[in-house]
Amino acid sequence: MDHSPVATMSRPGAPHRPASGEPELGFVLGTGRCGSTLLYDVLARHPGVGFPTNLDDRLPGVPPRVRRLAAAVYRRCPPEFPRRRVRPSEVQAALAREVSPAIVDPFRELVAADASPWLARRLTAFYRRRAADQAVTRYVHKFTGWPRAGLLHEVFPQARFVHIVRDGRAVVNSWLQMWWWRGHLGPSGWHYGPLPPAYAREWEREGHSLVHLAAIGWKLLMDAYDAAAASVPPHLWLEVRYEDLVADPRERFGEILDFLGLPWSPAFERGFARHAFRTGRVDAFRRDLTPGQIALLNRSLGAHLAARGYAPDRDG
């Protein structure tokens with residue numbers, strides 16, 4: 001497939017504008033620390049899409065002209081531009097304020113049955129207003145943690161989902177080093193609610209290891225992503241591995257743009273060329289964790305890793 005600066009792409013079944021005039025939505029989904037920020041940042045370089053910025057969190061009631069200007073400023077700035085200025089964002093504060101805190105920090109996956117009419121109206125207004133403010137018909141947004149795809153598909157049946165997945169051992173290693181990770185509080189205080197019985201027995205058997213609890217968290221999310229993918233028509237769901245994205249970014253981004261019905265335009269090429277895709281952190285978990293901890297991860301995650309093409313170490 002040609003992804004040169006002048007190439008444009010289309011595909012059978014590319015998204016059609018909803019008859020109601022609502023924006024075409026694309027959601028980037030991932031567990032967190034999985035490469036979703038890189039994917040989101042690069043997609044936001046495309047002039048054909050709108051996206052929320054951190055200004056929405058910091059400034060309630062952002063005027064339409066400011067939203068348009070913020071997107072334009074981001075596209076013109078290099079990646080090293082201070083991220084506290086203007087950047088694509090999950091806008092968790094704005095979502096909690098304008099829609100519901102349940103969208104931002106649920107203790108479980110959100111499914112179609114959670115789509116109450118009032119919640120659907122608020123979600124629809126949230127994206128409709130921002131797309132109109134940026135004068136775009138396509139809009140992308142990122143969610144991390146639970147996929148929420150069952151709920152989102154119920155409200156936006158034509159939305160497309162790009163799920164980026166990363167080796168669970170790398171995700172666990174990164175979670176453990178994040179200030180926001182609450183696994184040290186145990187299942188009573190972490191992000192994902194009570195452990196299912198089988199996972200609770202597994203955690204008990206391994207001696208309540210905090211590294212192991214993070215591994216169970218990744219498995220819980222992968223189980224939820226598998227269920228979410230099964231609830232969405234296949235032509236609306238694309239899964240991409242982070243390791244493949246950084247190894248061959250032009251090919252993988254070509255597939256993603258194709259899936260979203262977007263051309264690889266000269267303007268996108270200029271933004272794409274500003275990004276560096278580094279592979280050096282792909283297996284950093286081997287440097288950051290002990291051999292015993294890696295063996296524990298291999299035992300716990302083996303089936304889930306293999307299901308997505310990752311090979312657990314033989315000594316695990």
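No value in this document is a laboratory result; all are computed from the given coordinates. Because the structure is predicted, anything quoted here is derived from the model rather than measured. Here the Cβ positions follow ideal geometry from the backbone for every residue, glycine too, while neighbour counts run over all protein chains shown.
Determine, at each q value in 0.19 (inverse angstroms), the log₁₀ of I(q)/I(0) that the Debye formula gives when each Cα of region 212-316 is one equal point scatterer.
-1.10
Report for region 24-307 the percent antiparallel among DSSP-assigned beta bridges with both residues inside it, nearest 5.
5
Please give the net charge around N173, taking every other residue with its beta carbon less than 12 angstrom from that of N173, where Lys and Arg add +1 and Asp and Glu add -1.
+3
In debye, nearest 20, what is the charge dipole magnitude of the chain about its Cα centre with +1 on Lys and Arg Cβ and -1 on Asp and Glu Cβ, if you could check? Write out the running numbers ahead of the final one.
Details: 43 positive and 32 negative charges, 235 e Å.
So the dipole magnitude of the chain works out to roughly 1120 debye.
Looking only at Cα atoms, what is the convex hull volume of the chain per residue, in Å³? Mind showing how you got there, number by number?
Working: hull volume 43.7 nm³, N = 316.
Expressed per residue, the convex hull around the Cα atoms of the chain is 138 Å³.
Per DSSP H run of n ≥ 4, the term is -39500 (n - 2.57); total these for the chain, divide by its residue number, and report the mean residue ellipticity at 222 nm rounded to 500 deg cm²/dmol.
Value at 222 nm, helices only, nearest 500: -13500 deg cm²/dmol.
Among Y242, P291, A215, flag the residue with its Cα farthest along the positive direction of the charge dipole of region 209-307, charges on Cβ as +1 for Lys/Arg and -1 for Asp/Glu.
Most positive-ward Cα: P291.
Neighbour counts of other C-beta atoms within 10 Å: give me W175, W203, W180 arranged from fewest to most.
Placing the least packed residue first, the sequence is W180, W203, W175.
Could you please rank T31, T124, placing first whichever residue has the fewest other Cβ atoms within 10 Å of its Cβ?
Fewest to most other Cβ atoms nearby, the residues stand as T124, T31.
What number comes out for the charge environment of R130, summing +1 per Lys or Arg and -1 per Asp or Glu over other residues with Cβ under 14 Å away?
+2
Could you tell me the largest-minus-smallest coordinate of the C-alpha atoms of region 126-238 on each of the three principal axes, in descending order and whole angstroms?
Computed over region 126-238, the largest-to-smallest principal extents equal 54, 30, 24 Å.
Going by C-beta contacts inside 10 Å, put S36, S188, S100 in order with the fewest on the left.
S188, S100, S36
Can you list residues from other chains, or at least 5 along the same chain, whose modelled amide H is less than 5 Å from the amide H of H163?
The answer is L29, L238, E239, V240.
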